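Where a number appears in this text, it was derived from the coordinates with a stated rule and is not lab data. All values derive from a computational prediction rather than experimental measurement. Glycine gets a Cβ as well: all are built from the backbone with ideal geometry, and neighbour counts include every protein chain shown.
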Amino acid sequence: MEDVLILAIESSCDETAAAVVKNGREVLSNVISSQIALHTLYGGVVPEIASRKHIEKINQVITEALDQARVSLSDITAIGVTYGPGLVGALLVGVAEAKAISYAAGIPLVGVHHIEGHICANYIENKELEPPFLCLVVSGGHTHLVRVADYRTYEILGRTRDDAAGEAFDKVARAIGLGYPGGPKIDKLAREGNPEAIVFPRAKLSDGEYDFSFSGLKSAVLNYLNGCHMKGEPVCEADVAASFQRAVIDVLVEHAIHGAKAFRMDQLAIAGGVASNSSLRAAMEEACRREGIRFYHPSPIFCTDNAAMIGVAAYYEYMAGTRSGLDLNAVPNLKLGER
C-alpha cells in the first residue's frame, strides 16, 4: 500500500505550526512558531496580534516542515488544517493558506477539528493505542471527558460549565503575580508548596456527574488572596499554587476514573495543554495503576498546540473519505463530532 503523507497546518490560537505525518502515526517533521513571548507583554493572547503573526510566519513554517521531512508538495497526499474551534482570525489564516495550496497544487483538502487533533496526539507515541478508550481533554479553552468509540467517533460525557481548567490556571497565576502563561508557572511553583496548606473547594454537580466547574474554585482562590491582603497577612504563593493545583487535579482524576469504571474502559488517555502538567500526569498514572487501567499521554510537545496532532487526525479523516471543498471556512465555536 502506498504511503499517505499529510501536510498539516495549525493556527487556532497563538502557535503557527506545520507538520508532515506519514500513515497517521509517524511524524516526519513538526515545526512550531510560538508567540508566547509576544503575548506575555499583554498578560494573555491578543487575537488581532496573533492573526498578524500567523500571516508573517505561516509560509516559513510550512517550508521548514517540508524541508525537515525531506519531501516536496508533489509527495503530499492531502492537506489537513484546523478549521475550528479557536480564534476566528487566527483560524482563517491557516484555512486560507491550506485552501490556496490545495487549489494550486491539486492536493485534496481535509478540515480537522482542533479537539479531535488533541485526542489523536495520543496515537503518535503510543502505537498500540486504538479505540475504544476514554480521553480527558484539558486545555485553556476546553475541559471535556470524551468516550472515543472509534476513530472519528466521539461522545462527550462531560464538559466544563464555566471556566476551562487551563483558563482557571491562567487567571489564578495572574492573581498570584506569576503572569502568562499560567499553567507551566503554577506547575513549577507548586513543587515548592504544600498542597494541603489551604482547603479549596472541589465542585460536584448534581445534574451532571461528569461535568466540570472551576469558576467557584477560581473565586475561592481570589477571595483567599484578597482576605490575606485586607488583614495584612502574608501570602505563601507556593502554598496557594500547590493547593489550587491539587483541587483541580483531584476533580479531573476523580471524574476520569469514575467515567472509565462506569463505561468499563480499560484504557484512559489525557490530551490538551494542561495534560503536560507534571502533577496531573503523576496523579492520573497512580490512579490508573490502582484501578488496573492502562494510562496514555502524549509528550509535552504534542500536548500544547501543534500540527503533528492535526496531521494524525487528518489521516483518519482522509482514509474515511472526508474531503473539504474550497468553501471550507473557519468555525470558531465548532463542536466535537460536528462535520
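Observations on the structure shown:
- Per residue, the convex hull volume that the Cα atoms of the chain enclose (Å³): 129 Å³
- Taking only the Cα atoms of segment 130-298, the radius of gyration and Dmax are 16.1, 56 Å.
- In units of the rule-of-thumb radius 2.2 N^0.38 Å, segment 27-106 shows an alpha carbon radius of gyration of 1.19.
- Segment 216-339: mean projected area of Cα convex hull, nm²: 11.4 nm²
- Zone of ARG191's modelled label, taken as backbone nitrogen in segment 257-300 under 14 Å from a point 7 Å along Cα→Cβ: 277-282
- Highest to lowest packing among 26-34, 10-18, scored as the average C-beta count within 10 Å: 10-18, 26-34
- Volume of the Cα convex hull of segment 274-339, divided per residue and given in Å³: 139 Å³
- Shape category assigned to segment 1-140 from the gyration tensor of Cα positions, a/c cut at 1.5: oblate
- With contributions of -39500 (n - 2.57) from each DSSP H run of at least four residues, the per-residue ellipticity at 222 nm computed over the chain stands at -14000 deg cm²/dmol.
- Look at where the Cα atoms of segment 303-323 and of segment 136-195 average out, and the two centres are 23 Å apart.
- For peptides 186-198, 111-123, 130-142, sequence by mean Cβ density within 10 Å, most packed first: 111-123, 130-142, 186-198
- q = 0.13, 0.18, 0.28 Å⁻¹, segment 49-95: log10 I(q)/I(0) [Debye, one scatterer per Cα]: -0.35, -0.64, -1.04
- Residues ILE49, ILE124, ILE36 arranged by fewest to most Cβ contacts within 10 Å: ILE36, ILE49, ILE124
- Length-normalised contact order of the chain in % [C-alpha pairs under 8 Å, at least 6 apart]: 25 percent
- Per-q log10 I(q)/I(0), segment 114-193, q = 0.13, 0.16 Å⁻¹ (Debye; single scatterer per alpha-carbon; no solvent): -0.51, -0.70
- For the chain, built as a Gaussian network whose Cα springs stay under 10 Å, the top-fluctuating residue of LEU268, LEU205, LEU92: LEU205
- LEU328, LEU280 arranged by Cβ crowding within 10 Å, fewest neighbours leading: LEU328, LEU280
- Computed E for ASN126/GLU233 - FRET, C-beta separation, R0 56 angstrom, nearest 0.05: 0.75
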